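Handing you this structure, nothing more for now.
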Amino acid sequence: MHKIAEVEVQHNIMKANKKLADKNQNIMDENNVFCVDFVGAIGSGKTSLIEELIENMNGSIGVIAGDVISKFDAGRFEKHNVPVVGLNTGKECHLDAHLVEHAIHDMALENIDYLFIENVGNLICPVDFDLGSHMRIVVISVSEGDDTVEKHPLIFQSADLVIINKIDIADAVGADADKMVNDVKIINSNVKVIKTSLKQEKGLKEVISAIESFKTQ
Ligand SMILES: Nc1nc2c(ncn2[C@@H]2O[C@H](COP(=O)(O)OP(=O)(O)OP(=O)(O)O)[C@@H](O)[C@H]2O)c(=O)[nH]1
Ligand SMILES: [Mg+2]
């Protein structure tokens with residue numbers, strides 16, 4: 001009995017979240033804003049990637065920086081002179097559509113072309129929580145180990161683009177980045193996978209083209 005009740009509550013939460021996510025996407029569509037949700041492992045390079053995109057993409061970008069308690073990432077984005085809304089989740093390990101709804105009210109959507117949302121670093125909790133974004137990018141790095149994809153298949157099923165970052169240190173950590181690419185393809189054969197080194201500026205142009213072409217699809 002206890003288990004059935006749990007399943008029902010979870011089902012209702014997901015239904016309510018999806019309704020709010022659809023509402024968020026409508027607001028973004030009305031303002032011609034293309035929204036990307038960046039999820040991925042802790043420390044894999046989500047903030048670094050968004051910082052590079054801010055500096056190198058055409059179009060104006062606003063950022064929602066999700067974090068558990070700190071304001072570190074929001075502070076990093078502010079240094080690039082873009083509008084930033086910080087979102088603290090407290091004990092929660094992911095953003096949800098309700099939190100994002102509050103953040104988009106604080107963002108001047110009419111002044112931006114792209115809204116980038118950095119989710120809390122985690123490969124498990126964000127899987128089912130649609131935020132209303134048009135595209136989800138999953139960022140992992142070789143330093144999590146080259147079995148990361150096999151261990152966390154669900155997040156890769158939800159991805160529109162997968163980035164395997166820090167290839168500059170693959171040998172040092174004994175990781176095979178090509179194995180990680182193959183593992184993603186087994187889980188989600190249609191998704192594009194790009195290997196990057198944000199430290200050595202490798203793969204960034206490919207990421208920008210992938211976002212731009214997804215936007216025009
Ligand atoms: N060697 C190497 N280090 C990188 C690369 N990209 C990012 N880093 C470093 O990895 C660390 C974490 O990068 P962040 O961009 O803060 O990662 P994050 O995913 O935003 O981290 P959280 O928000 O804490 O989950 C920083 O010290 C970066 O300088 C890369 O391509 N190669
Ligand atoms: Mg970050």
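The values are calculated or read from the model by the stated rules, or taken from the named source; none is laboratory data. All figures in this text were calculated on a predicted structure; none of them were measured in a lab. Every residue, glycine among them, receives a Cβ derived from its backbone with ideal geometry; neighbour counts consider all protein chains shown.
Specify which of the listed residues (74, 103, 41) is within 27 Å of residue 166 (Cα to Cα), buried (at least 20 other Cβ atoms within 10 Å of the Cβ) and over 12 Å from the mean Cα position of the chain (by Cα).
Exactly one residue qualifies, and that residue is 74.
Rundown of residues vs (1) closer than 25 Å to residue 80 by Cβ; (2) surrounded by fewer than 22 Cβ atoms within 10 Å (Cβ to Cβ); (3) not polar (S, T, N, Q), yes/no style:
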position	(1), (2), (3)
112	yes, no, yes
126	yes, no, yes
132	yes, no, yes
144	no, no, yes
167	yes, yes, yes
170	no, yes, yes
176	no, yes, yes
189	no, yes, no
200	yes, yes, no
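Which of the residues that make up segment 63-120 are among the acidic types (Asp, Glu) and closer than 24 Å to residue 10 by Cβ?
92, 96, 101, listed by residue number.
Right, another one. For segment 13-38, give me each residue that is in contact with a strand residue (DSSP E or B) (Cβ under 6 Å, 6 or more places away or on another chain) and in a helix (DSSP H, G or I).
Answer for segment 13-38, where residues must be in contact with a strand residue (DSSP E or B) (Cβ under 6 Å, 6 or more places away or on another chain) and in a helix (DSSP H, G or I): just 28.
Can you pull out every residue in segment 150-164 that is out of contact with any helix residue (DSSP H, G or I) (no Cβ under 7 Å at 6 or more places or on another chain) and either closer than 22 Å to residue 48 by Cβ or not charged (D, E, K, R) (or both)?
Passing the criteria: 152, 159.
If you don't mind, another one. All but one of (1) over 16 Å from residue 42 (Cβ atoms); (2) in a strand (DSSP E or B); (3) not charged (D, E, K, R) hold for residue 104; which doesn't?
In the conditions (1) over 16 Å from residue 42 (Cβ atoms); (2) in a strand (DSSP E or B); (3) not charged (D, E, K, R), residue 104 misses (2) alone.
Given the structure, is residue 159 more than 10 Å from ligand 1 (Cβ to nearest atom) and in a helix (DSSP H, G or I)?
Judged against the criteria, residue 159 is not a match.
Go through segment 170-217 and give me each residue that's in contact (Cβ under 8 Å) with a residue 40 or more places away in the chain and not charged (D, E, K, R).
180, 196, 198, 203, 204, 207, 208, 210, 211, 214
For segment 39-76, enumerate the residues that are among the aliphatic types (A, V, I, L, M), assigned to a strand (DSSP E or B) and more than 9 Å from ligand 2 (Cβ to nearest atom).
Correct list: 39, 61, 63, 64.
Tally up the residues in segment 183-212 that are farther than 17 Å from residue 54 by Cα, outside any loop (DSSP other than H, G, I, E, B) and touching a helix residue (DSSP H, G or I) at 6+ places or on another chain (Cβ under 9 Å), please.
Total meeting the criteria: 8.
Is it fair to say residue 79 is more than 16 Å from ligand 2 (Cβ to nearest atom) and surrounded by fewer than 16 Cβ atoms within 10 Å (Cβ to Cβ)?
no
If the requirement is being modelled with pLDDT under 95 and either within 16 Å of ligand 1 (Cβ to nearest atom) or not polar (S, T, N, Q) (or both), which of these qualifies: 206, 144, 201, 150?
Testing whether each residue is modelled with pLDDT under 95 and either within 16 Å of ligand 1 (Cβ to nearest atom) or not polar (S, T, N, Q) (or both) leaves just 201.
Can residue 115 be described as within 14 Å of the chain's Cα centre (by Cα), part of a strand (DSSP E or B) and not small (Gly, Ala, Ser)?
Yes: the conditions hold for residue 115.
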